[in-house]
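Here's the structure, in C-alpha cells; my notes come after.
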Amino acid sequence: MHALNDDVRSRAKPALYDELESSLRGLLAGEPNLIACAANMSSLLYWSLPDLNWVGFYLLDEASGDLLVGPFQGKPACVRIPLEKGVCGAAAAQRRTLVVQDVHAFPGHIACDSASNSEAVVPIVLADGRLLGVLDLDSPLLNRFDEQDARGLERLVAVLLTAIAATK
Ligand code: SME
C-alpha cells in the first residue's frame, strides 16, 4: 500500500478526517464531474480508512427512482436498490446518515458482500434538497463506525457537493 496512506490510516479519527478532507479537496479541485469525483473519492477512502471491505456510491436513477451502483472499491455489488430498501435506501429516504453496528440486526439489510458486518451510509443531498445518492461504507468488523465517522464522512460528502456544485 502507498506509504502516505499508511501514515494517514494510523491517525486518531479527528486528525484522520481533517487530513482526508484536505486530501479530498486537492483531489477533486477543478473537476466538477460527479462520476470522476466519486471514483477518486471511493479510492481515497478505501485506501485511507482502516477495516473496510467496500466503499462506494449508489446514485439516484431518475428514470426508475432506484439507487444504482456507481463508482466503488471492493467486490462486485448489488446493482439496483429500491429507495427505502436496505441501509442505503433507508438513509436515502430519510436523508440522514445511518450507522449500523451489526448489519445482521438491521431489518431489510441487503447483503452484497458476506464479509460485511457493520455499515455507514451518508446521503448526498444538494442545497436545493434534491437527492443525488448515497456514500456507502462496509466493514468486516462489528461496530466499526461511530459518531466521529458519521460527522467526518458528512464533511467529506460536503467537499464532493462543493466540487460538483457548478454542474448540478
Ligand atoms: N448493504 C447495503 C447494500 C449495498 S452493499 O453493502 C455494497 C444495504 O443494505 O443497503
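The values are calculated or read from the model by the stated rules, or taken from the named source; none is laboratory data. Being a predicted model, the structure only gives us computed values, none of them experimental. Positions of Cβ are backbone-derived with ideal geometry, glycine not excepted, and every protein chain shown enters the neighbour counts. Just the protein is used for accessible areas: all its heavy atoms, side chains included, with ligands, DNA and RNA removed. Shrake-Rupley method; radii C 1.70, N 1.55, O 1.52, S 1.80 Å.
General remarks:
- Where a residue in region 98-109 is more than 20 Å from residue 149 (Cα to Cα) and its partner, wherever it lies, is within 10 Å of the ligand (Cβ to nearest atom) and open to solvent by 70 Å² or more (accessible area, probe 1.4 Å), with Cβ under 7 Å and at least six apart: 108/85
- Helices (runs of 4 or more DSSP H) lying entirely in region 5-122 (those with 3 or more residues that are away from the ligand (no atom under 16 Å from the Cβ) and open to solvent by less than 30 Å² (accessible area, probe 1.4 Å)): 13-28, 34-48
- Leading residue by the ranking (nearest to residue 167 (Cα to Cα)) among those in region 123-133 that are part of a loop (DSSP other than H, G, I, E, B) and in contact (Cβ under 8 Å) with a residue 12 or more places away in the chain: 126
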